[in-house]
Structure formats: C-alpha cells, structure tokens
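Engineer: Submitted below is the structure of interest, expressed as structure tokens.
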Amino acid sequence: MSKPMVAIVGRTNVGKSTLFNRIARERIAIVDDQPGVTRDRIYCEVEWLTRKFILVDTGGIETGEDTITRQIRAQAQMAIDEADVIIFVVDGREGLTAADEEIAMQLRKTSKKVILCVNKVEDFSESTAIAAEFWALGLGEPLPVSAEHGRGIGDLLDQVISGFPEDRSLEESDAIKIAVAGRPNVGKSTLINQFVGEERVIVSDIPGTTRDAVDTSFTYNGQEFVLIDTAGMRRKTKIDTGVEHYSVLRALRAVDRSDVVFLMLDAREGVTEQDQRIAGYVHENGKGCAVVVNKWDLVEKDTNTMREYEEEIRDRLQFLPYAPVEFVSALTGKRVHRLLDLAVSIAQQRSMRIPTGRLNEIIQDAVAMHQPPSDKGVRLKIFYAAQVQVNPPVFVIHVNHSQLMHFSYLRYLENCLRAEYGFQGTPIILRVKERT
C-alpha cells in the first residue's frame, strides 16, 4: 500500500520545522529563529490512528529572486505537487501578512486538501479571535495549534488523515510490482525499455496509486508484472533543482508500492553513499531487493573482476547480504533477461511460510549448536517461535527475558533460517517477545 504524502508549507519562521518535529516525535529538522534555516525538504514516516504517511518539511516560501530563494520556492512547489494533503502554516502572533496571502493564492489553485494551521497560539481561550483574521485567506476554517507545546496537534492530525485518498493499489493482483531505483543517469529508463521491448511482452498503461503516475503493466512467460516508474535520486549536496527533489519523493512512493526493488548501480562509479541510503530505505521497508550493476560492458575486465566487484558491493552494503547481485548492460540487453526471472524468485521467497513445527526444530538445533547469551547468571531461554507474516517474512520468538537477546544472536538465528530456506532477496524480521 502506498503511503500518502503530507507537505508542510508556509513562509519563513512560522514554525514549520517545529511542527514537523512535533508530529515526527523527534528532532529531525533543524530549528532556528533565523529565517530560511530549512533549505532542503526533509521527510519522515509518521503513524496516526494506524494510518501511516510520509511527512515532508519544506523551506520557507519567499518572493525574492535570488538563486537560493528561487530554488526553495521551486522545491516547495514540487512538494505541493506531490502531496496528498497540504498543511499551510501561518503565524498567530504576527497575524496575516501579504506573503501569507500570496501563498494562499497559490494553494487555492490546487485540488488538494489544504489545512490552514495557525501556529504559535499559546492562549487557547483566545484562539477563536486570533484565528479569525485568517478566514480571509479563503482556505476554510483556521485550526489553532501550538507546535512548541504540542497543543492542538491531535486535532490537526485527525484532519490530515481524513484527507487521504482511498487506496487504489494493486495489492489484490497477482502481478509482481517492480521498482527500479537508483541515482540519476544509471540507466533505469533504458532497463525498463529493455523489459517492455521484448516481442513476447504485451504492454499497456494503467493508472497507479500515486496521482498522475502511470505504471507499465506487461506479461512475461505467463507472469504479470507492473513496472513502477522512479526518477533518479541524488545526494542532497548535489541537488540543484526542484525537479530532482521531486524525484526523491516519487522514488520513496515507488519503493513503498513495490514488491521487489532493483537497486541500480553504475558499474563505473561503484557503490556511493547515496546508493547506501537508497538501499537502507529499501531494507527498512521490508522490500525484496536485488542489486543490478549496469553498464558492465564499459568496465575493463580480467578473470576476477566480477568476483572482486561483488565483494566490494557486499562490503559497502553489509546490511543487504541477502540481496543477489546481477551484472548487466541495459543498453545492449546483455543478461537483462535474468532479472525478471529473479524478480519472480524473490517474490516467491518473500511469500514463503515455514511450518511452525519445522521452524522450532531449526531454532532448537541452532540453540544446541550455539548457546544463547547470558547475563549475571541468567541465560536467555527460547520457548518457541512462530511465523506471523509474509511479504516480508516476520517471525516472533518467545523468550524468558527479552533484554538478554543480543542482536548478534538474532543475526545468528536469521542465518540459520536462511541456511535452511534461503529467503534470497528478502529481509527477515525477527521480533522478540517476553513471555509473561
């Protein structure tokens, strides 16, 4: 299911980042009294009343024409374009300004739900009078909040989730949803063209769950696939235009909606820091993953080049030991045919379920081979385990004292499960539950 996106917009120094941190429940955005501190959009995943969404912080929208101001304005516009719900923040202390009116004029042109949030309201007995002048913006009822003290946030979030669109995802379909993710210019579009360019492939365009997105549906060897388009993601220090910021948000949605992610690398550049960030997002969201090294035809090779290159990838992406690595040339089509078969295999691994009896036999054998950790004479005891979910596989391990379960022992148990069942291309989630 795709997570809705919520953008916080407004002029500088109205408390957008304070509100962002309050909703996110952690200090993520930099907060400062100096206007214009937030120049990049920042995002995080938020849950309210069981509804998960992506919250996006933006830089203050100003009317200046210097380079940085134009970029911030463009980036904020891209966030508005991508969002399902927009929180327009104004300053209740300062009152209505001409800049607020200009932003409101821009927001009235959108078909999105806009929530007018009057921040910095400290005395809620006077909130009606403070918010009254903002009715003039023509964006509906102003909602008073105090981001600094956390007042009114629950009412704000209730309005936010009420504006989410109905999910129109392809969850009920048997089609395998593939997202091709990576930095710009690594060859994602070329790879997608190779997929749908086969003579045996039937191509049709179908609407996706994200607004204005078009996914590509096709059939290969009797299996239905949906290719979710993603734009390239680049390190923030390298982002020069709002378009590339926009591509990051689109890519997050694509990963959310996918079953399998092809993390695409440029063979000439190797694994970069941004590749690690993308891989981390894929892993944390429990998606199936394969690393696709493109432009392999442009690399000078000897007998051990491929093996050494894969070792380097494993070293840089140590949290993805389960992800297979494929070397392809999207331009020439070399080895590309393997990827769709690989996607089928990963999807099957993600949906695998281990019988409870067999699962506990594996756990018991693992314990016999390597005793669980102990502390101050108390040893960890594993009573039993059960698989509670697939896509990705989730296992709950019931123990006597959960704090005795060291992450290294969890990794050992995971390796035992993988040795028996593979689970190639998919993360395994192990949860520890203390039995009362």
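The values are calculated or read from the model by the stated rules, or taken from the named source; none is laboratory data. Just so we're clear, the structure is a prediction, and the values are computed from it rather than from any experiment. Just so you know, the surface numbers come from the protein's heavy atoms only, side chains and all, with ligands and any DNA or RNA stripped out. Shrake-Rupley method; radii C 1.70, N 1.55, O 1.52, S 1.80 Å.
Engineer: As a quick test, which of the pairs K188/K301; K287/K433; K3/K287; K188/K334; K52/K177 have an alpha carbon distance above 18 angstrom in this structure? Walk me through the intermediate numbers first.
Structural biologist: Details: K188/K301 23 Å; K287/K433 23 Å; K3/K287 14 Å; K188/K334 15 Å; K52/K177 20 Å.
Checking Cα-Cα distances, K188/K301; K287/K433; K52/K177 exceed 18 Å.
Engineer: What percentage of the solvent-accessible surface of the range 340-403, computed with a 1.4 Å probe over protein heavy atoms, is contributed by carbon and sulfur atoms?
Structural biologist: Details: 1660 of 3320 Å².
Carbon plus sulfur share of accessible area: 50 percent.
Engineer: Of the accessible area of the range 264-334, with the probe set at 1.4 angstrom, what percent is carbon plus sulfur? Walk me through the intermediate numbers first.
Structural biologist: On the way: 1510 of 3380 Å².
Roughly 45 percent of what the probe reaches on the range 264-334 is carbon or sulfur.
Engineer: Next up: Report the Cα centroid-to-centroid distance between the range 249-320 and the range 331-372 in angstrom, as an integer.
Structural biologist: If you average the Cα positions of each part, the centres end up 19 Å apart.
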